[in-house]
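Structure record follows, encoded as structure tokens.
The values are calculated or read from the model by the stated rules, or taken from the named source; none is laboratory data. Quick caveat: nothing in here was measured; it's all calculated off a predicted structure. We place every Cβ from the backbone using ideal geometry, glycine too, and count neighbours over all the protein chains shown.
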Amino acid sequence: DTAVSQTPKYLVTQMGNDKSIKCEQNLGHDTMYWYKQDSKKFLKIMFSYNNKELIINETVPNRFSPKSPDKAHLNLHINSLELGDSAVYFCASSRLAGEGDTQYFGPGTRLTVL
Amino acid sequence: GENVEQHPSTLSVQEGDSAVIKCTYSDSASNYFPWYKQELGKRPQLIIDIRSNVGEKKDQRIAVTLNKTAKHFSLHITETQPEDSAVYFCAYTNAGKSTFGDGTTLTVKP
């Protein structure tokens, strides 16, 4: 009965490669997010989707491209991986977007770029 | 732009003592203020939240206070226990966007 799930949990890859992280939520939420948590534990929003539509796109390199095939899924594709992309990536979902509501986080994907 | 300052960045207390973490924000339109706890290697999880029409909220040993005039809100943990050791994040939400503080690493010594 996992609420928000992500795959893979760990991802180790070489610089220059392209990789994807998948996220799924079974909470019936309308809004999904991608966050990046760096080595200093800072948690920064990258993207937010509401009902499959992009509503927040922070200053993120265009090598990062989110895709939402339906409102229960939000995937993250990363092209031409760089050393600085190494971090833990968290997917999250919430019931509401505009008014603010609890965000439910996935278990995280630890990406290591060598 | 949106910004939230969280203090202190690290906090060490003795078991049974109280811990207080404070956040100051800049966006006066913010209306939702959650606190998340992240244990080592785990995901952030909500522990308590408060909306702008309320000044204080309590849940057992945890309380949050909000001062909208001064634009700050605080997390209070009483009778701390070793399992309270974690990183705590404040956040605020406006127009669908959540901005997180930089986190406070709380260590409760037995």
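So which of A:LEU11, A:LEU81 is part of a loop (DSSP other than H, G, I, E, B) and surrounded by 12 or more Cβ atoms within 10 Å (Cβ to Cβ)? Break it down into steps so the answer makes sense when it comes.
Working: A:LEU11 fails: part of a loop (DSSP other than H, G, I, E, B).
Step by step, each of A:LEU11, A:LEU81 is checked, and only A:LEU81 is part of a loop (DSSP other than H, G, I, E, B) and surrounded by 12 or more Cβ atoms within 10 Å (Cβ to Cβ).
Before we move on, is A:ASP101 within 14 Å of chain B (Cβ to nearest Cβ), surrounded by fewer than 14 Cβ atoms within 10 Å (Cβ to Cβ) and under 26 Å from B:ILE48 (Cα atoms)?
So A:ASP101 fails the test.
Looking at (1) closer than 25 Å to A:ARG95 by Cβ; (2) away from chain A (no Cβ under 13 Å); (3) touching a Lys or Arg at 6+ places or on another chain (Cβ under 8 Å); (4) of a type in the set (Val, Ile, Thr), find the lone condition where B:ILE48 falls short.
(2)
Six or more apart or on different chains, Cβ under 6 Å: which pairs go from a residue in segment A:53-64 that's within 11 Å of another protein chain (Cβ to nearest Cβ) and under 16 Å from A:ASN75 (Cβ atoms) to one that's modelled with pLDDT of 80 or more and not in a loop (DSSP other than H, G, I, E, B)? Could you list them?
A:ASN57/A:PHE47
Out of everything in segment A:29-52 that is more than 9 Å from chain B (Cβ to nearest Cβ) and in contact (Cβ under 8 Å) with a residue 60 or more places away in the chain, what residue ends up being surrounded by the most Cβ atoms within 10 Å (Cβ to Cβ)?
By that ranking, first place goes to A:MET32.
Of the residues in segment B:51-76, how many are within 10 Å of chain A (Cβ to nearest Cβ) and either hydrophobic (A, V, I, L, M, F, W, C) or under 14 Å from the mean Cα position of the chain (by Cα) (or both)?
Total meeting the criteria: 1.
What residue, among those in segment B:89-110 that are assigned to a loop (DSSP other than H, G, I, E, B) and crowded, with 22+ Cβ neighbours inside 10 Å, is nearest to the other protein chains (Cβ to nearest Cβ)?
Across segment B:89-110, the extreme among qualifying residues is B:GLY103.
Do any strands (runs of 3 or more DSSP E) lying entirely in segment B:1-54 carry at least 2 residues that are without any contact (Cβ under 8 Å) to a residue 24 or more places away in the chain and in contact with a Phe, Trp or Tyr (Cβ under 8 Å, 6 or more places away or on another chain), and which ones are they? Spell out the reasoning first.
Working: elements: B:4-7, B:10-14, B:19-25, B:32-38, B:45-51.
The qualifying strands (runs of 3 or more DSSP E) are B:45-51.
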